[in-house]
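Right, one structure below, let's go through it.
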Amino acid sequence: MSELREPLRLTVGGLSRADLRAALHSGGVLLNAHAETLLAHPVFDSREPEELALVERDLRALGLRDGATLPEVYAAAEGVALALCPPDTAPYLRLAMTWQENAPDSVLSAGRSPSGALKVASAPLADDVEYPKGFYLRVVDHRPWLRGYRCDLEYRFAPEDRFAFRLP
């Protein structure tokens, strides 16, 4: 799987919600219902642009050789000086990350973290277990996806699961 070029400089913000949706549509980016739910949140209203430096790490690189829950992933990242991304990072990253390889399978929903997915580490927008926790990027059948995902605080991500983090 192709990794984020390290570190990837990315400008996040600056677009209205309508312009961001239009850019995703123009880029051929497909959305699932959970991504639509997340994009409806007020955090996606216009804000000043901000430049971020992002890196990608799997859980093993964070010292989580047996996998981990989302809170454990985020705590381990903090322990190695990685930070969470702003909640609106994922759509901008999806637009910028045109080199992501095609996923090894085309399964879109299997109750587990899908193969070839890059989760964008950001604080959940709601405590409700039914509300999506965040986004992941994936290319399926050569089509870029921005997908939202749900999980509870007990769900264990696998050691090979990959997350994008912000460099402080």
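Each residue of segment 138-155 is assigned a 3J(HN,Hα), and the resulting list reads 7, 10, 10, 6, 6, 10, x, 10, 10, 10, x, 9, 10, 6, 8, 6, 9, 4 Hz, derived from the Karplus form 6.51 cos²θ - 1.76 cosθ + 1.60 (θ = phi - 60°), x at Gly and Pro.
Among the protein heavy atoms of segment 67-168, carbon and sulfur supply 53% of the accessible surface, probe 1.4 Å, non-protein parts ignored. The H on the amide N of Arg162, modeled in the peptide plane, is under 5 Å from the matching H of Lys119, each at least 5 residues off or on a different chain. Across segment 61-68, computed HN-Hα scalar couplings (Karplus, 6.51 cos²θ - 1.76 cosθ + 1.60, θ = phi - 60°) run 5, 8, x, 9, 6, 10, x, 5 Hz from first to last residue, x flagging Gly and Pro. Most simply put, segment 109-168 has about 75% antiparallel DSSP beta bridges, counting only bridges with both residues inside it.
Annotation: per residue accessible area for the chain equals 47 Å², rounded to a whole number [probe 1.4 Å, protein chains only].
Ellipticity at 222 nm from helices only: DSSP H runs of n ≥ 4 in the chain, each -39500 (n - 2.57), divided by the residue count, give -6000 deg cm²/dmol. Under a 5 Å amide H cut-off, with hydrogens placed 1.01 Å from N, Trp145 pairs with Leu30, Arg138, Val139, Val140 among residues at least 5 apart or on other chains. Which of the three applies to the chain, rounded, prolate or oblate, going by the alpha-carbon gyration tensor with a ≥ b ≥ c and a/c under 1.5 meaning rounded? Rounded.
Look at the alpha carbon pairs under 8 Å that are at least 6 residues apart: their mean separation over the length of segment 1-149 gives a relative contact order of 31 percent.
The values are calculated or read from the model by the stated rules, or taken from the named source; none is laboratory data. Owing to the predicted nature of the structure, the values given are computational and were not obtained by experimental measurement. These area figures cover heavy atoms from the full protein model, side chains too; ligands, DNA and RNA do not enter into them. Shrake-Rupley method; radii C 1.70, N 1.55, O 1.52, S 1.80 Å.
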